[in-house]
């Protein structure tokens, strides 16, 4: 089996399953990316992932990408494109692969479908379906949110499979720091960009109503909203219970998550939300909005809860419930961590292989491992 992944950067949210695929006997994996990593992602604490035995190629330019696409367009190779729009490398190679009748699949999130911009994106993706839909063998869409998006944009339903971003299991974490803090305070973590889309302001407003609760919030990240959210915390009278740490390397972010009793992802919209994976892998329950792709990981209420995006009241009700339950216990931690092994690279690689067997060998349609009890 020969696979070629086409990506904007070497994604740390795909590295573990790509590494697992590259380690399978008889499999050859190449990752072609525009950049190893970009400065904005480095500023967020991202690093180049370990892709194991996969071959890495960084084209020097458009002509180089075209040459790779032509050289790798044999019928024994399957190409995995990061979306069908946006990435210049995908816009470059998709027409070439289509003309050469190459085997092509897409790995993609949904996009923000709200407002006028959402209508324009839906129109653009529907046009993409009409132009390229027949040339795509399958679409790995991030969560039920992604599946619904591609279905709405008229891609063939039988070609759409739910998928997930995957993070490294316990990477760089010291075991003691994945336990809840000994403090009596209920620890809450927010990890992400401090930008409007991530909804940190909603979290601050929801926590301001928890006047009778003993809690502390740590907000890790940087972005255009930091000063405004610091002012908001002061205005709400909760600045003494909120700390802003700035952006930290991923391993340090995981330590912050691992010492919390609850992670909150209050995004107004999020194509996935890999921080949810990172929390669950450390046994930390999660609250996330219903506009996050990773909401699918919270089907069992022991793992957390989904609230209405943009609603301070809905988030406040969920926070009240979880803070009243008290600090995270060792039993809950172990139950969540045990379940989250299904999110590791090996099980996701097995599911990926099952999709290919279904598409190309008429094997039964596989069930995503995170959908199993």
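The values are calculated or read from the model by the stated rules, or taken from the named source; none is laboratory data. These numbers come from a predicted model, not from an experiment. Cβ sites come from the backbone with ideal geometry, for glycine too, and all protein chains shown count toward neighbours.
Quick check on residue 336: is it in a helix (DSSP H, G or I), touching a residue at least 12 places away in the same chain (Cβ under 8 Å), in the same structural domain as residue 217 (by TED's automatic domain parsing) and under 19 Å from the mean Cα position of the chain (by Cα)? It is true that residue 336 is in a helix (DSSP H, G or I), touching a residue at least 12 places away in the same chain (Cβ under 8 Å), in the same structural domain as residue 217 (by TED's automatic domain parsing) and under 19 Å from the mean Cα position of the chain (by Cα).
Against the definition (surrounded by fewer than 22 Cβ atoms within 10 Å (Cβ to Cβ), on the phi < 0 side of the Ramachandran plot and touching a strand residue (DSSP E or B) at 6+ places or on another chain (Cβ under 7 Å)), how does residue 137 come out, yes or no? Before the answer, list the steps.
Details: surrounded by fewer than 22 Cβ atoms within 10 Å (Cβ to Cβ): yes; on the phi < 0 side of the Ramachandran plot: yes; touching a strand residue (DSSP E or B) at 6+ places or on another chain (Cβ under 7 Å): yes.
When the stated conditions are applied, residue 137 passes them.
Screening 304, 326, 293 for residues that are surrounded by fewer than 19 Cβ atoms within 10 Å (Cβ to Cβ) and touching a strand residue (DSSP E or B) at 6+ places or on another chain (Cβ under 8 Å) leaves exactly one candidate, 326. One residue stands out among those in region 187-205 that are assigned to a strand (DSSP E or B) and farther than 14 Å from residue 232 by Cβ: the one that is farthest from the chain's Cα centre (by Cα), which is 187.
Quick test for you: out of 264, 276, pick the one residue that is closer than 20 Å to residue 194 by Cα and in a strand (DSSP E or B).
Within the list 264, 276, the selection yields 264.
Here region 81-94 is the region considered, the condition is being modelled with pLDDT of 90 or more and in contact with a helix residue (DSSP H, G or I) (Cβ under 9 Å, 6 or more places away or on another chain), and the residue that is surrounded by the fewest Cβ atoms within 10 Å (Cβ to Cβ) is 92.
Is it the case, given these coordinates, that residue 43 is under 23 Å from the mean Cα position of the chain (by Cα), in contact (Cβ under 8 Å) with a residue 60 or more places away in the chain and farther than 20 Å from residue 163 by Cβ?
Yes: the conditions hold for residue 43.
Which members of region 95-111 meet the condition of being in a loop (DSSP other than H, G, I, E, B) and touching a helix residue (DSSP H, G or I) at 6+ places or on another chain (Cβ under 6 Å)?
Passing the criteria: 109, 110, 111.
Of the candidates 65, 20, the single residue that is out of contact with any strand residue (DSSP E or B) (no Cβ under 8 Å at 6 or more places or on another chain), part of a helix (DSSP H, G or I) and surrounded by 21 or more Cβ atoms within 10 Å (Cβ to Cβ) is 20.
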